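One structure is given here, and the rest of the page talks about it.
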Amino acid sequence: MAGTPLTGGCQCGRVRYELTGPPLGLYVCHCRECRKQSASAFGISAFFRSADLRLLGGELSRWSRPAKSGWPIVSFFCPTCGSRLWDGDKDREDEICIKGGSLDEPLDLSDAVHIWTSRALPGVIIPTHARQWPEDPD
């Protein structure tokens, strides 16, 4: 991944953010929920310290749903274009999960961990060297 700071935002450009620290982890998730939220074959999640996220402009809306564990997943998105930007309340949690497609520079997925590979779509090629889990990591 490129050096810090990293910048990102929504599709319409109204919401902008900056990340001043390095990523803690990078995941490609093939579960149905991530496919739905990304409207694609998988979701890309980059974890960062909440303290390293700074909102540069725009207003956010939030939405939550219960996770498999029963705990809520709180998602933040642009109220104008609907782009989902991150999961996790940066004011209450130590880490947030940036949605990879919202970053200005594409992420290098070479070392990403692939999870929920049991639900990967036919034809999606997971690199043989990639760490991977058929469901949630242990």
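So if I take the alpha carbon set of the range 1-70, get Rg, then get Rh from the Kirkwood formula, what is the Rg over Rh ratio?
Using Cα coordinates only, the ratio equals 0.98.
Within the shell of other residues whose beta carbon sits under 12 angstrom from the beta carbon of Tyr27, the net charge comes to -1, with Lys and Arg scored +1 and Asp and Glu -1.
Residues whose amide H lies under 5 Å from that of Ile115, counting only those 5 or more places away or on a different chain, are Val28, Cys29, His30, Trp133; hydrogens are built 1.01 Å from N in the peptide plane. For Trp86, the residues 5 or more places off, or on other chains, whose built amide H falls under 5 Å of its own are Phe76, Lys99.
Express the relative contact order of the range 1-86 as a whole percentage, based on alpha carbon pairs under 8 Å and six or more residues apart in sequence. Numbers along the way, then the final one.
Values: 149 pairs, mean separation 24.7, N = 86.
The normalised contact order for the range 1-86 reaches 29 percent.
With mean projected area of the Cα convex hull in nm² as the read-out, I listed (1) 8.3; (2) 11.6; (3) 8.7; which label goes with the value calculated from this structure? For mean projected area of the Cα convex hull in nm², the calculated option is (1).
When Arg62, Arg49 are compared by accessible surface with a 1.4 Å probe, the order from highest to lowest is Arg62, Arg49.
Think of each Lys and Arg Cβ as +1 and each Asp and Glu Cβ as -1; about the Cα centre, that makes the dipole of the range 50-120 roughly 480 debye. Note on the range 1-63: with neighbouring protein chains present and a 1.4 Å probe, carbon and sulfur make up 49 percent of its accessible heavy-atom surface. The distance separating the Cα centre of the range 98-121 from that of the range 7-65 comes to 11 Å.
Hydrodynamic radius of the range 67-138 by the Kirkwood approach over all distinct alpha-carbon pairs: 14.6 Å. Here the dipole of the chain is about 520 debye; that uses its Cα centre as origin and unit charges on the Cβ of Lys and Arg (positive) and Asp and Glu (negative). If R0 is 35 Å, the Cβ-Cβ spacing of Asp94 and Ile125 corresponds to a FRET efficiency of close to 0.55. For the range 75-120, the per residue solvent-accessible surface stands at 49 Å², with DNA, RNA and ligands left out and a 1.4 Å probe.
For the range 64-138, GluC sites (Glu not before Pro) are listed when DSSP marks them as loop and at most 16 other Cβ atoms sit within 10 Å of their Cβ; the list is Glu93, Glu135.
The values are calculated or read from the model by the stated rules, or taken from the named source; none is laboratory data. Keep in mind that what you see is a predicted model, and the values were worked out from it rather than measured. Backbone-built Cβ (ideal geometry, glycine too); neighbour counts: all protein chains shown. Note: areas computed on protein heavy atoms with side chains; ligands, DNA, RNA excluded. Shrake-Rupley method; radii C 1.70, N 1.55, O 1.52, S 1.80 Å.
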